[in-house]
């Protein structure tokens, strides 16, 4: 019994600590910046994989790496990367309509191809493609015009750079050093080691992105091929933060990120601290016409609800075609997600991580003042929705996004032991949303939950 009570107290402490962290009340963290405030409350971002792989509709960079296509044929895709119908303002308006508060564009993937006219390589959209222009600047301007935060993806590894050496996957036989990307030698650079030249190159590109576009977020990838010390990750973080103290950096800058970013597999338990779940809209990151396995709008909205309940953001990926157009199935799902978010926005933005799973069979969020609990009903209920362990009296229960209020009753409980009964909320088919229904449980006083040792 003694250990059971101790475990319960520890559980309560962790729960309350997480609630405070979700509320942005963790300024003692050495990595905390004002930029994290907007990020924690953004809830939804759009990930955009757009590059050479969009020409043939093949896996981004990995198709070359895994020898699905020859090195020469992969690079030759540059001739078809036209961006002829690229309309970044239309993109930004769509993202805003979807309910997103930020977007992340692949400025440079593992193949080393840059969407901006970098001075450190000729292998970029302005010099080697029919687009013949900077493709990042209009994206940045469009997002800012629509009030969205700007994110840029940057791969640390570079499989076409002559001075880069793959380590972890060297046995795969990746061919690097066959594209003359580094032909801007600096004074004394010819005497440097290949890795010295490479670090100068990628860090120089990062400084270009910071100076030219002033991003709000940098989304690193590819750091798994070398340890943090090889990337000079601490130095890189310091350099970036000096250029923008409020810059948000993901954890794929090894051991130097501000937040975790699991991908594709939704966490079973909420990750510690600030986090974001990145997920494709079908099975592919970039445009692949053979991939018709699009997630349904319900699946996307349900996943988003679960992410919200665990206090994270969803970074939902799309893959534009080489001409810059976004495939219709992706547009459709973004618009449907946006309609659902607009209807339920009070339960999404500014809210905190929800109840522990034992209290409600589904995701939930908590209002900033802790006076309202939002229950996300992801399945069609039979007769009632149950809420356990609530110590507060209830003012009213309403269906978010509608004028409907619901009746409820208390079943069981032992008032003489301060054990609350189960709240059974009556709900009918007429109250249900097409995808996920959200109920607002308005409380008398701030949320108080029952725990067995009280």
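The values are calculated or read from the model by the stated rules, or taken from the named source; none is laboratory data. Nothing here was measured: the structure is a model prediction, and the numbers come from that model. When we count neighbours, we look across all protein chains shown, and the Cβ atoms used for this are built from the backbone with ideal geometry, even at glycine.
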### Message
If I go through region 331-350 residue by residue, how many of them are touching a strand residue (DSSP E or B) at 6+ places or on another chain (Cβ under 9 Å) and surrounded by 20 or more Cβ atoms within 10 Å (Cβ to Cβ)?
### Response
7
### Task
Go through region 272-294 and count every residue that is assigned to a loop (DSSP other than H, G, I, E, B) and within 17 Å of the chain's Cα centre (by Cα).
9
### Task
May I ask you to verify whether residue 229 is over 30 Å from residue 138 (Cβ atoms) and at pLDDT 95 or above?
yes
### Message
Among the residues in region 88-101, are any more than 29 Å from residue 305 (Cβ to Cβ), surrounded by 14 or more Cβ atoms within 10 Å (Cβ to Cβ) and at pLDDT 90 or above?
### Response
yes
### Residue that is nearest to residue 125 (Cα to Cα) [pool: residues in region 65-74 that are part of a helix (DSSP H, G or I) and within 29 Å of the chain's Cα centre (by Cα)]
74
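Only one residue in 319, 309 is assigned by TED's automatic domain parsing to the domain that holds residue 104, within 17 Å of the chain's Cα centre (by Cα), touching a residue at least 60 places away in the same chain (Cβ under 8 Å) and within 25 Å of residue 348 (Cα to Cα). Which one?
Values: 319 fails: within 25 Å of residue 348 (Cα to Cα).
Of 319, 309, the one residue that is assigned by TED's automatic domain parsing to the domain that holds residue 104, within 17 Å of the chain's Cα centre (by Cα), touching a residue at least 60 places away in the same chain (Cβ under 8 Å) and within 25 Å of residue 348 (Cα to Cα) is 309.
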#### Entry: Scan of region 102-159 for residues that are farther than 17 Å from residue 52 by Cα and in a loop (DSSP other than H, G, I, E, B), ordered by number
119, 120, 146, 147, 148, 156
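This table checks each residue for (1) assigned to a loop (DSSP other than H, G, I, E, B); (2) in contact (Cβ under 8 Å) with a residue 12 or more places away in the chain; (3) crowded, with 16+ Cβ neighbours inside 10 Å; (4) out of contact with any strand residue (DSSP E or B) (no Cβ under 8 Å at 6 or more places or on another chain).
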{"residue": "196", "(1), (2), (3), (4)": "no, no, no, yes"}
{"residue": "201", "(1), (2), (3), (4)": "no, yes, yes, yes"}
{"residue": "205", "(1), (2), (3), (4)": "no, yes, yes, no"}
{"residue": "208", "(1), (2), (3), (4)": "no, yes, yes, yes"}
{"residue": "211", "(1), (2), (3), (4)": "no, yes, no, yes"}
{"residue": "218", "(1), (2), (3), (4)": "no, yes, yes, no"}
{"residue": "224", "(1), (2), (3), (4)": "no, yes, no, yes"}
{"residue": "234", "(1), (2), (3), (4)": "no, yes, no, yes"}
{"residue": "239", "(1), (2), (3), (4)": "no, yes, no, yes"}
## Note on the structure
(1) within 27 Å of residue 282 (Cβ to Cβ); (2) outside the structural domain of residue 278 (by TED's automatic domain parsing); (3) in contact with a strand residue (DSSP E or B) (Cβ under 8 Å, 6 or more places away or on another chain) all hold for residue 371 apart from (1)
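For the structure I just gave you, tell me whether residue 410 is in a strand (DSSP E or B), free of Cβ contacts under 8 Å to residues at least 24 places away in the same chain and in contact with a strand residue (DSSP E or B) (Cβ under 9 Å, 6 or more places away or on another chain).
Yes, satisfied.
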### Task
List every residue pair whose Cβ atoms lie under 9 Å apart, where the two residues are 6 or more positions apart in sequence or sit on different chains, the first residue falls within region 128-144 and is in the same structural domain as residue 90 (by TED's automatic domain parsing), and the second residue, located anywhere, is part of a helix (DSSP H, G or I) and at pLDDT below 95.
128/75
### Message
Can you report the number of residues in region 427-446 which are in a loop (DSSP other than H, G, I, E, B) and either crowded, with 19+ Cβ neighbours inside 10 Å or touching a helix residue (DSSP H, G or I) at 6+ places or on another chain (Cβ under 9 Å) (or both)?
### Response
5
### Task
Scan (1) over 19 Å from residue 445 (Cβ atoms); (2) assigned to a loop (DSSP other than H, G, I, E, B) for the single condition residue 376 breaks and write down its number.
(2)
#### Entry: Index of the failed condition, residue 395 passing every other in (1) within 24 Å of residue 307 (Cβ to Cβ); (2) out of contact with any helix residue (DSSP H, G or I) (no Cβ under 8 Å at 6 or more places or on another chain); (3) in a strand (DSSP E or B); (4) without any contact (Cβ under 8 Å) to a residue 60 or more places away in the chain
(1)
